[in-house]
Amino acid sequence: KGVGGFRMDAIPYIKKPADFSDGPADDSEGMVSIHDMTANTEGILDYLHEFKENVTQGRDIFTVGEANGVTAEMLPQWVGENGVFDMLFEFSHLHGAEVWCRAGDWSLRDMKKALSASQAATSDNGWYPIFFENHDNPRSTDVYFPHGADPVLAGKAMGTVLLTLRGTPFIYQGEELGMRNVSWESIDSYNDLNTYAQYETALKEGFSEAEAMEFVHRFSRDNARTPMQWEDAPGAGFTSGTPWLSAGDSRTINAALEENDPASVLNWYKRLSALRKENRVLIDGSYTEMLPESETVYAYVRENDSDRMLVLVNFSGEEAVYDPAEAGLSDAKNAQILFCNYEDSKARPGVLRPYEAVVIRDNTRE
């Protein structure tokens with residue numbers, strides 16, 4: 001694409017503590033979290049500013065850092081005019097757990113609060129990389145939606161948020177197809193060492209093998225490391241040989257099939273990408289969260305001097321009723337529904353069907 005740059009992996013751990021003192025034990029075996037002991041060691045930004053000064057500053061280079069443990073409040077130190085990187089992957093909006101069998105419940109309100117904080121922290125200084133999937137996290141439709149949710153509606157709903165927030169969307173391989181988690185029956189089917197360790201931890205804490213496998217199905221990094229599903233063929237069309245992991249369900253989710261299906265997740269991504277390219281408000285418009293107390297609906301307004309759009313996504317399997325005025329529509333009668341992930345014409349302001357995602361243009365500007 002003609003872009004030069006660096007992606008700095010796991011960058012908060014690059015500076016280690018000067019001593020090897022013990023930390024507080026966090027489990028029955030007296031083990032200490034490596035993250036808590038090594039992330040964001042004092043002085044790390046001095047190292048990174050030296051890198052910026054000697055390697056990237058004054059050159060046509062784009063930089064993005066991966067920074068687990070950096071919070072929204074810390075972003076101005078890491079990106080923007082006085083920061084180190086052009087953008088920074090931080091993980092406050094993702095649902096994960098250091099010990100899988102102790103993971104709490106996921107909350108839409110927690111995700112919305114985290115995303116809104118990151119949007120605010122980069123609103124005037126810096127830029128935000130939008131993402132929900134990567135090589136270390138399960139597939140987003142299995143994380144953010146209830147078990148049994150329609151995979152096409154859910155895949156389109158996640159794509160709607162990804163492509164309409166303020167920032168640069170990062171699409172992980174297969175996310176644009178709506179690829180799902182795998183649920184292999186045996187722990188021997190997995191490769192990831194942490195998955196094996198988490199499985200053993202669950203057994204030691206009294207969970208059955210079946211319960212331990214449920215944690216694996218939910219959190220394993222191997223969910224996102226299976227071969228790309230190009231077609232319905234052995235090896236998912238990725239290889240004619242034996243891949244490092246078995247492919248997921250490529251019978252119903254694959255690029256060749258979705259390319260020819262106008263209602264597919266893939267073509268939804270293409271349509272939303274075109275909408276984004278053709279409407280500057282989705283690039284430079286401000287972000288304002290609406291309905292922040294809703295447990296089921298994520299709603300926000302994107303606005304610039306010439307345009308105003310409202311995005312609403314129902315993350316639940318139940319119909320969601322909302323007040324259009326509270327959602328940012330001053331006059332619902334003049335609302336133009338640009339996109340709806342249901343393939344019909346029944347979308348209307350004030351009601352969201354299960355897993356429905358809509359993009360609305362507000363034609364009445366105050």
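Taking the 1.4 Å solvent-accessible surface of segment 256-320 as the whole, the part contributed by carbon and sulfur is 49%. Across the options 108, 125, 97, the greatest Cα extent toward the positive end of the charge dipole of segment 96-140 (unit charges at beta carbon of Lys, Arg, Asp, Glu) belongs to 108. Percent of accessible area on segment 1-121 owned by carbon and sulfur, 1.4 Å probe? Using a 1.4 Å probe with all protein chains present, segment 1-121 comes out at 50 percent carbon and sulfur.
Computed on the chain, with alpha-carbon pairs under 8 angstrom and 6+ residues apart, the relative contact order is 13 percent. The mean sequence distance of close C-alpha pairs (under 8 Å, at least 6 residues apart), as a share of the length of segment 225-366, puts its relative contact order at 16 percent. The charge dipole of segment 117-199, taken about its Cα centre with unit charges on the Cβ atoms of Lys, Arg (+1), Asp and Glu (-1) only, comes to about 300 debye.
In percent, rounded to a whole number, the relative contact order of segment 251-324 is 18, using alpha-carbon pairs under 8 Å and six or more apart. Structure remark: mean-square fluctuation, Gaussian network model of the chain, C-alpha springs under 10 Å; the largest value among 31, 111, 309 belongs to 31. Can you give the FRET efficiency for residue 249 and residue 270, using 1/(1 + (r/R0)^6), R0 = 25 Å, r = Cβ-Cβ distance, to the nearest 0.05? After rounding to 0.05, the efficiency reads 0.65. Annotation: extensible slack from residue 173 through residue 305 equals 44.0 nm (criterion: 0.36 nm per residue apart, minus Cα-Cα distance).
Is it possible to state the helix-based mean residue ellipticity at 222 nm for the chain, with each DSSP H run of 4+ residues giving -39500 (n - 2.57), the sum divided by total residues, to the nearest 500 deg cm²/dmol? What is it? Computed mean residue ellipticity for the chain: -7500 deg cm²/dmol.
Shown here for segment 1-81: trypsin sites (Lys or Arg not before Pro) in loop regions (DSSP other than H, G, I, E, B) with at most 12 other Cβ atoms within 10 Å, namely 1, 59. Taking chymotrypsin sites (Phe, Trp or Tyr not before Pro) across segment 166-250, the ones in a DSSP loop with at most 10 further Cβ atoms lying within 10 angstrom of their Cβ are 244.
How many angstrom separate the Cα center of segment 301-358 from the Cα center of segment 83-148? Cα centres, segment 301-358 to segment 83-148: 23 Å.
Summing charges over neighbours of residue 348, with a neighbour being any other residue whose Cβ is under 13 Å away from its Cβ, gives 0 when K and R count +1 and D and E count -1. Sparsely packed loop sites in segment 273-352 (the trypsin sites (Lys or Arg not before Pro) outside DSSP H, G, I, E and B with at most 14 other Cβ atoms within 10 Å) comprise 280, 346. Residues in segment 240-329 average 48 Å² of solvent-accessible surface per residue, probe 1.4 Å, ligands and nucleic acids excluded. Note on residue 259 and residue 25: with the Förster distance fixed at 45 Å, the Cβ-Cβ geometry gives a FRET efficiency of about 0.30. If only the Cβ of Lys and Arg carry +1 and only the Cβ of Asp and Glu carry -1, the dipole of segment 188-250 around its Cα centre is close to 220 debye.
Length available on full extension from residue 346 to residue 333: 0.36 nm per residue minus the Cα-Cα distance, which gives 3.2 nm.
Computed about the Cα centre, the dipole magnitude for the chain is approximately 1280 debye when only Lys and Arg (+1) and Asp and Glu (-1) carry charge, each at its Cβ.
The values are calculated or read from the model by the stated rules, or taken from the named source; none is laboratory data. The shown structure was predicted, so the numbers you read here are calculated from the model rather than taken from an experiment. Don't worry about glycine lacking a Cβ; one is built from the backbone with ideal geometry, like all the others, and counts go over all protein chains shown. In case anyone asks, the SASA skips ligands and DNA or RNA and just uses the protein heavy atoms, side chains included. Shrake-Rupley method; radii C 1.70, N 1.55, O 1.52, S 1.80 Å.
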